[in-house]
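Bear in mind these aren't lab numbers, they're just calculated from the coordinates by the rules spelled out. Model, not experiment: these values are computed from the prediction. Reconstructed Cβ throughout: ideal geometry from the backbone, glycine too, with neighbour counts over all protein chains shown.
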Amino acid sequence: MKTAELGLRERKRIRTRSAIIDAACDLFAERGYEATTLTDIAKAAGIAPRTFFGFFPTKESLLFAESDTRIDGAVTAVLADGDTDADPVVALLRALDQALVEQNDEMTGRLAAVRTQLLRDEPAVALIGAQFQYLASRRIAAALVEAYPHLTPVAAGALAGAFVGAAGGAVDAAHAQESPIDVDQIRAAVEGVLARRPDVQRRSSG
């Protein structure tokens, strides 16, 4: 297949994905999460339901689009940077920087704003969000233990939880403001939280 054809297909795929997200945001804001079906979203986006599933396997995966990618990015950054003397916070902040740049719309755009409102208003969405955060903390903590031998599992769990909670809380608070989202402010806030952490517990050498 020619490169031009691949480029055309990719552009069409990006447009379709954006149309799905836009339609979902409209419906979630109008009807709420629970009352909106996948069929509703597909119809509003002008696509067949089976096309929807080619982009998002579930309604949850749409609302929390790219969450797995962000977690993978954090795990990769930690595993690539770890050694006995390195500071794991540096790797975590690098992963946050990458997410804020590469997945800006999912974290700071309209989808994120709608998701933040649903997290506040709908218990079912809050439960899904809590599960995503829990799984993210567990995966990042496991990577920290593997990459930084001096960290105890307890310290790694605390650091991962602080990172995930701080990032989520900062994004949530940013969307509650009337002013435009400032990604530098989000980054600085997360860095500030992690910088105030107590000295991490080290494994006993004995």
- prompt: Counting each DSSP H run of 4 or more residues in the chain as -39500 (n - 2.57), what helix-only mean residue ellipticity at 222 nm follows after dividing by all residues, to the nearest 500 deg cm²/dmol?
  reply: -24500 deg cm²/dmol
query: Relative contact order for segment 20-131 using alpha-carbon pairs under 8 Å, separation at least 6, rounded to a whole percent?
result: 27 percent
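What is the percent of Cα-Cα separations in segment 64-195 that go past 17 Å? Write out the running numbers ahead of the final one.
Working: 4867 of 8646 pairs.
Taking all Cα-Cα pairs of segment 64-195, the fraction more than 17 Å apart is 56 percent.
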message: Can you tally the net charge around GLY32? Count Lys and Arg as +1, Asp and Glu as -1, for every other residue whose Cβ sits under 10 Å from the Cβ of GLY32.
response: -3
- request: Net charge near ILE20: determine it from the other residues with C-beta under 12 Å of the C-beta of ILE20, scoring Lys and Arg +1 and Asp and Glu -1.
  value: +2
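Arrange the following residues from fewest to most other Cβ atoms within 10 Å of their Cβ: THR116, THR39.
THR39, THR116
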- prompt: Order of VAL193, VAL164 from fewest to most other C-beta atoms within 10 Å?
  reply: VAL193, VAL164
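Need one number: convex hull volume per residue for segment 140-195, Cα atoms only, in Å³. Each step should come with its number before you reach the end.
Values: hull volume 4.0 nm³, N = 56.
Here the figure is 72 Å³ per residue.
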- request: Would you calculate the separation in nanometres between label points at LYS43 and ASP172, each defined as 7 Å from the Cα along the Cα-to-beta-carbon direction?
  value: 3.4 nm
Alpha-carbon Rg/Rh ratio, for segment 3-57, with Rh computed the Kirkwood way: 1.06
